[in-house]
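S.K.: My questions will all concern the structure given below.
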Amino acid sequence: MTLVTGNQLKAARALAGVDQQQVADSARVNVNTIRNMEARGAEPISSSAVTVRRVQVALEALGIEFLNHAQPGVRLNFSARAPLKMAGRPQATAEAVRGKTAKGKGTKR
């Protein structure tokens with residue numbers, strides 16, 4: 001399934017526990033692109049298909065599944081998590097992207 005609405009993107013970020021900048025970095029897009037996509041709310045995202053696909057792939061690497069049944073939705077699939085490449089950075093795991101150490105301990109915010 002595919003990323004369709006701004007609300008779907010926002011919900012996916014919330015489930016994955018990442019902020020807009022982290023998604024932008026992993027998708028190799030500007031953070032303003034993520035902000036604009038989310039600002040669409042329940043309306044379809046108006047960004048290019050390539051940009052939407054990059055954002056979708058970045059979130060899928062964190063275990064997000066996009067659902068487009070009767071309404072667009074998202075769910076978290078823990079078994080689908082894979083290492084995530086950050087732009088200009090060494091390969092990172094999903095846990096590292098969300099601010100956790102390799103030992104699984106959360107960092108203070």
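S.K.: Residue check: is Val57 assigned to a loop (DSSP other than H, G, I, E, B), among the β-branched types (Val, Ile, Thr) and either crowded, with 18+ Cβ neighbours inside 10 Å or free of Cβ contacts under 8 Å to residues at least 40 places away in the same chain (or both)? Quick ask: steps written out before the conclusion?
M.R.: Numbers: assigned to a loop (DSSP other than H, G, I, E, B): no; among the β-branched types (Val, Ile, Thr): yes; either crowded, with 18+ Cβ neighbours inside 10 Å or free of Cβ contacts under 8 Å to residues at least 40 places away in the same chain (or both): yes.
When the stated conditions are applied, Val57 does not pass them.
S.K.: Follow-up question, since we're still on this one. Could you list all residues from region 10-53 that are among the acidic types (Asp, Glu) and closer than 21 Å to Phe78 by Cβ? First the steps, then the outcome.
M.R.: In the first step, residues of region 10-53 are kept if they are among the acidic types (Asp, Glu); the result is 19, 25, 38, 43.
Residue satisfying the conditions is Asp19 alone.
S.K.: Let me ask another. Which one is modelled with the highest pLDDT, of the residues in region 60-91 that are surrounded by fewer than 17 Cβ atoms within 10 Å (Cβ to Cβ) and in a strand (DSSP E or B)?
M.R.: Going through region 60-91, the residues surrounded by fewer than 17 Cβ atoms within 10 Å (Cβ to Cβ) turn out to be 65, 67-71, 75-80, 82-83, 85-91.
When the remaining residues are screened for being in a strand (DSSP E or B), the result is 65, 67-68, 75-76, 85, 91.
On the way: Glu65: 94, Leu67: 90, Asn68: 84, Arg75: 88, Leu76: 90, Lys85: 50, Gln91: 43.
Top of the filtered list is Glu65.
S.K.: Scan region 28-52 for residues that are touching a residue at least 40 places away in the same chain (Cβ under 8 Å) and either touching a strand residue (DSSP E or B) at 6+ places or on another chain (Cβ under 6 Å) or not β-branched (Val, Ile, Thr) (or both) and jot them down. Break it down into steps so the answer makes sense when it comes.
M.R.: So in region 28-52, the residues touching a residue at least 40 places away in the same chain (Cβ under 8 Å) come out as 28, 44-45, 52.
Those that are touching a residue at least 40 places away in the same chain (Cβ under 8 Å) and either touching a strand residue (DSSP E or B) at 6+ places or on another chain (Cβ under 6 Å) or not β-branched (Val, Ile, Thr) (or both): Arg28, Pro44.
The values are calculated or read from the model by the stated rules, or taken from the named source; none is laboratory data. Because the structure is predicted, anything quoted here is derived from the model rather than measured. Backbone-built Cβ (ideal geometry, glycine too); neighbour counts: all protein chains shown.
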